[in-house]
Amino acid sequence: MSMRPSVALAVEHRPGVDREFLGDVVRGLTNLPKTLDPRWLYDDLGSSLFEAICRLPWYRITRAEMALLARHAPAIAEGLGPAPAIIELGPGSGEKLACIVAAVVERRGRPDVHLVDVSGQALQMARQTLGTFPGVEPVLHEQSYERGLERAVAATQAGRRVVAFLGSNLGNFDPPDAVVLLQSIARVLSAGDQLLLGLDLVKPDRDLLLAYADPLGVTAAFNLNLLQRINRELGGSFDLRRFEHEARWNHDASRVEMHLASRARQDVRIVSADLVVAFERGETIWTESSYKFEAGDVPLMGERAGFAVRQQWVDRDAGFALTLLDRLE
Ligand code: AVJ
């Protein structure tokens, strides 16, 4: 028999609680500064809010990348040959990859499509979009980037693969982690395989802050929804009106930071974690970093991971770069 108190037992056996989420929330909120991992922003509502962000006039990443892809998909397809394996990490709606798939199909090619995402819902959406091409049956990998990529690589042929990592998703990783992630991509790939990387570029502070603190408050809702998710899934008692969305441009680190600032001194209970978190007035939870790059950073980052740039397309006006890299011998 366990000697633990019944409260703790109830906590540990609470059904439907995501242990990883719980562990991460406990770790993050007992940290100083308080942090939460951005991957938890994407529950059903969070994913919908992100889709809405992509339509905001102030958030140009998605449209800029779509336009670059639409324009240069033929060149990308040309370099891929007739039977490429296209593997996307974090496909979202699948519309971006559809540009490349369309270009391959137009050239009478037959791509193998592999989609990697931790969200089954996102995968289903992308499957629908990409399944409209005759003969294309996307293979879904509901796993972390690393695990899913390994599976996708094992199922495809060396020298024909292109890994798409778009939407400036790499920008969520601190620079050392970003290089480690690129290295882990390089490690599973073979010479002749390629990497297609979409990254947001440094732009005037005003534009960056408008993109991450939009006047419609959609980004604020996206950020605050994380507290709502903790309330719903972990029995949290966050009063969302007592927290405020904040976007900061950290010039030295070249990143936009999202924070949730406490409007008052307050205590918040999280039942599933058996935890009370104390907030000072103005204290923040740091929920996301979005690093911004110079176009010239990409070759350097690529080299450190074993890639060389084959081609780069830059939208100077929107400040976005799409880079195609070769996995070196
Ligand atoms: C999907 C991670 C690339 O960092 O720009 C949008 C998420 N955060 N608005 C980004 C996000 C606030 C987005 N990424």
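No other residue among GLY192, GLY159, GLY171, GLY198 is in a helix (DSSP H, G or I) and touching a residue at least 12 places away in the same chain (Cβ under 8 Å) apart from GLY171.
Within the stretch 114-136, the set of residues being surrounded by fewer than 16 Cβ atoms within 10 Å (Cβ to Cβ) and touching a Lys or Arg at 6+ places or on another chain (Cβ under 9 Å) comprises just one member, GLY135. Of the candidates VAL298, VAL309, the single residue that is more than 14 Å from the ligand (Cβ to nearest atom), in contact (Cβ under 8 Å) with a residue 12 or more places away in the chain, assigned to a helix (DSSP H, G or I) and surrounded by 15 or more Cβ atoms within 10 Å (Cβ to Cβ) is VAL298.
Taken over the stretch 105-139, the criterion of being over 15 Å from the mean Cα position of the chain (by Cα) and acidic (Asp, Glu) is satisfied by GLU106, ASP112, GLU137. Residue count for the stretch 203-234 satisfying the condition of being surrounded by fewer than 18 Cβ atoms within 10 Å (Cβ to Cβ) and touching a strand residue (DSSP E or B) at 6+ places or on another chain (Cβ under 7 Å): 2.
Spot the failing condition for GLU88; the list is (1) in a strand (DSSP E or B); (2) free of Cβ contacts under 8 Å to residues at least 12 places away in the same chain, and only one is missed. Among (1) in a strand (DSSP E or B); (2) free of Cβ contacts under 8 Å to residues at least 12 places away in the same chain, the lone unmet condition for GLU88 is (2). Being within 23 Å of ARG187 (Cβ to Cβ), at pLDDT 95 or above, of a type in the set (A, V, I, L, M, F, W, C) and within 16 Å of the ligand (Cβ to nearest atom) is the requirement here; does LEU166 meet it? In short, yes. Put simply, of GLU257, GLU288, GLU283 the only residue that is surrounded by fewer than 20 Cβ atoms within 10 Å (Cβ to Cβ), acidic (Asp, Glu) and within 14 Å of the ligand (Cβ to nearest atom) is GLU257. Here VAL202 fulfils each of the conditions (1) of a type outside the set (Phe, Trp, Tyr); (2) modelled with pLDDT under 95; (3) in contact with a Ser or Thr (Cβ under 7 Å, 6 or more places away or on another chain) apart from (2). Residue-level check: of (1) in contact (Cβ under 8 Å) with a residue 40 or more places away in the chain; (2) assigned to a loop (DSSP other than H, G, I, E, B), ARG304 misses just (2).
Suppose we filter the stretch 174-189 for residues that are aliphatic (A, V, I, L, M) and in contact (Cβ under 8 Å) with a residue 40 or more places away in the chain; how many remain? Before you say what the answer is, go through the steps one by one.
Restricting attention to the stretch 174-189, the residues satisfying the condition of being aliphatic (A, V, I, L, M) are 178-182, 185-186, 188-189.
Still in the running and in contact (Cβ under 8 Å) with a residue 40 or more places away in the chain: 178-179, 182, 185-186, 189.
So the answer is 6.
Candidates are the residues of the stretch 37-57 that are near the ligand (Cβ under 10 Å from one of its atoms) and assigned to a loop (DSSP other than H, G, I, E, B); the one that is modelled with the lowest pLDDT is TYR42. Residues ALA85, ALA70: which one is at pLDDT 95 or above, buried (at least 19 other Cβ atoms within 10 Å of the Cβ), more than 30 Å from LEU260 (Cα to Cα) and more than 14 Å from the ligand (Cβ to nearest atom)? After ruling out the rest, the residue left standing is ALA85.
The values are calculated or read from the model by the stated rules, or taken from the named source; none is laboratory data. Just so it is clear, the structure is predicted and the values come from calculations on it, not from any experiment. So basically every Cβ, Gly included, is an ideal-geometry build from the backbone, and we count neighbours across all protein chains shown.
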